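The block underneath contains the structure these notes are about, expressed in structure tokens.
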Amino acid sequence: MKKAFVIIPTYNERENILKVVPILLDVFKQVKNWEMNILVVDDSSPDKTAEVVEDFAKKHKQVHLLLNKRKQGLGGAYLKGMAKAFEDKDTEVVFEFDADLSHDPTKIPIFLKKIDEGYDMVLGSRYIPGGGIPDNWGLHRKFLSVVGNIVIMSVLTNFTIRDWTGGYRAITRKVYEAVEPEMHDEKFTGYTFQIGFLHKSVKKGFKIVEVPFRFVDRTIGVSKLGNEYIKNNLIYLFKVRGKEVADNRIFKFVVTGGIGALVQLLSLILWRQILPYEAAIFASIETAIVSNFLFSNFWTFADRKVGFSQYPSKFIQFNLASAGSIVIQLVIATLGKNLIGLFELFRLPLVHISIDTGMIYAVVGILVGMFWNFFAYSKIIWKKSKESHE
Ligand SMILES: Nc1nc2c(ncn2[C@@H]2O[C@H](COP(=O)(O)OP(=O)(O)OP(=O)(O)O)[C@@H](O)[C@H]2O)c(=O)[nH]1
Ligand SMILES: [Mg+2]
């Protein structure tokens, strides 16, 4: 039979462990098609949590203890626990579960049902219908949790998952094997493990579903959640997102265009030293086109780079694409003037310059021109080769 391990990291949870283990063993009786186990990962808690676990282990063969010599943080404990649980070839699922009874254990069979239905990962969620946070939470804590999750959803631009910070999850072997190799970074030793693990699972395209549960405040023991929690999560969030944006092709395309505009203006100064005015304008445009071509080939489309022998033909195509963009802008400007007309929108104060609808046609023209350029670059000049799958 397939095995599941409920992993409980503990640090000074003696009283809680005494309560939660029997409750879990009781819930396990409802699960028929999984062999259920508990694995407590204790960091040699001073309150001797481990002793209590050992007593349970003697009486119940489903209860296991993994004892760490020193405190390693939540992420460190989960990595060790998961490695141990998945050592057993029959293990298909591990649960993340807190010792402090905050996580409703009666939901475990529902989590497993979702796994049976084909989901790769199940999240206990406080922020979907049926879920909730304690009423007695102060405004401060409610605000932090709710707004924290909204910030995370916004930064990661993923609103399909509502509870990113919860610690009640079921993770299949498939997900573990894909994500675990990327979790051995120092930043994941603490609570950042949770958001990091989930973010990576989402990015890898695993099927994830949320199951609602009502979070219950711990009544025994103390929270290990420190102030660095918010700071570390924010650092993680903005770093990974920043990197994702910087790696984004559209972003590189826009930056390349910006550099091109700068190159055009600066080279115009130089060309005018040696060429007549019209020729200098033309030369500066062409210089910008060379710059754009090189940045596109070595950066924006580096993964589809064309070889030196293809430069002449590709460079001609690139020039035609750029000319196409100019034609598009001229057509839009002309159409705008003839179909809608030129009339004043507002007047800039102090300098008394009139801003008219011509500016709107220009902006639309630039945007459509950029759209055309990106299309030409990605579908014609640096089109995907047949073998590459992206
Ligand atoms: N092994 C181990 N367990 C830890 C460590 N830090 C926290 N834990 C356990 O992780 C679980 C969650 O920790 P809590 O302190 O309850 O944190 P939380 O649930 O996010 O926050 P609260 O809402 O304040 O309870 C508990 O079972 C803790 O004992 C650690 O460094 N090592
Ligand atoms: Mg807790």
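No value in this document is a laboratory result; all are computed from the given coordinates. The model shown is predicted, which means the values in this text are computed figures rather than measured ones. Backbone-built Cβ (ideal geometry, glycine too); neighbour counts: all protein chains shown.
For this structure, a couple of remarks:
- Counting only alpha carbon atoms, the long axis of helix 277-295 and the longest principal axis of the chain meet at about 20°.
- The chain: projected area of the alpha-carbon convex hull, averaged over directions, in nm²: 29.3 nm²
- Dipole orientation for the range 3-246: of the candidates M121, T157, F86, T157 has the Cα lying most toward the positive pole (charges on Cβ; Lys, Arg +1; Asp, Glu -1).
- Around the Cα centre of the chain, unit charges on the Cβ atoms of Lys, Arg, Asp and Glu (plus for the first two, minus for the last two) sum to a dipole of about 420 debye.
- Among the listed pairs K61/K200; K84/K384; K80/K305; K3/K203; K187/K384, those with a Cα-Cα distance over 32 Å are K61/K200; K84/K384; K80/K305; K187/K384.
- Cα-based helix-to-principal-axis angle, 192-203 vs the chain, degrees rounded to 10: 60 degrees
- Karplus 3J(HN,Hα) series, Hz, for the range 226-242 with 6.51 cos²θ - 1.76 cosθ + 1.60 (x for Gly, Pro): x, 5, 5, 3, 5, 4, 5, 5, 5, 4, 4, 4, 6, 5, 5, 5, x
- Relative contact order (%) - criterion: Cα under 8 Å, at least six apart; region: the range 121-275: 34 percent
- Helix 14-28 and the longest principal axis of the Cα set of the chain meet at an angle near 90°.
- Helix-only [θ]222 nm of the chain, DSSP H runs n ≥ 4, -39500 (n - 2.57) each, per residue, nearest 500: -16500 deg cm²/dmol
- Derived scalar couplings ³J(HN,Hα) [the range 351-368; Karplus, 6.51 cos²θ - 1.76 cosθ + 1.60; whole Hz; x for Gly, Pro]: 8, 6, 9, 8, 9, 10, 5, x, 5, 5, 4, 5, 4, 4, x, 4, 5, 5
- Amide H partners (placed H, <5 Å) of D356, local residues excluded: L345
- The tail of the calculated P(r) for the range 203-267 beyond 14 Å holds 79 percent of all Cα-Cα pairs.
- Remark: relative contact order (the chain) = 14 percent; criterion is Cα-Cα distance under 8 angstrom and separation of 6 or more residues.
- The range 1-78: proportion of alpha-carbon pairs further apart than 17 angstrom, %: 41 percent
- Where Rh is the Kirkwood radius over Cα pairs, Rg/Rh for the range 249-381: 1.04
- Cβ crowding within 10 Å averaged over residues, with 168-175, 363-370 ranked highest first: 168-175, 363-370
- Under 5 Å from the amide H of I8 lie the amide H atoms of L39, V40, V41, each residue being 5 or more positions distant or on a separate chain, with H modelled from the backbone and absent for Pro and chain starts.
- Of the residues T300, T189, T49, the one with the fewest other Cβ atoms within 10 Å heads the list, and the complete ranking is T189, T300, T49.
- Residues with amide H under 5 Å from that of V63, placed H, sequence gap 5 or more: I38
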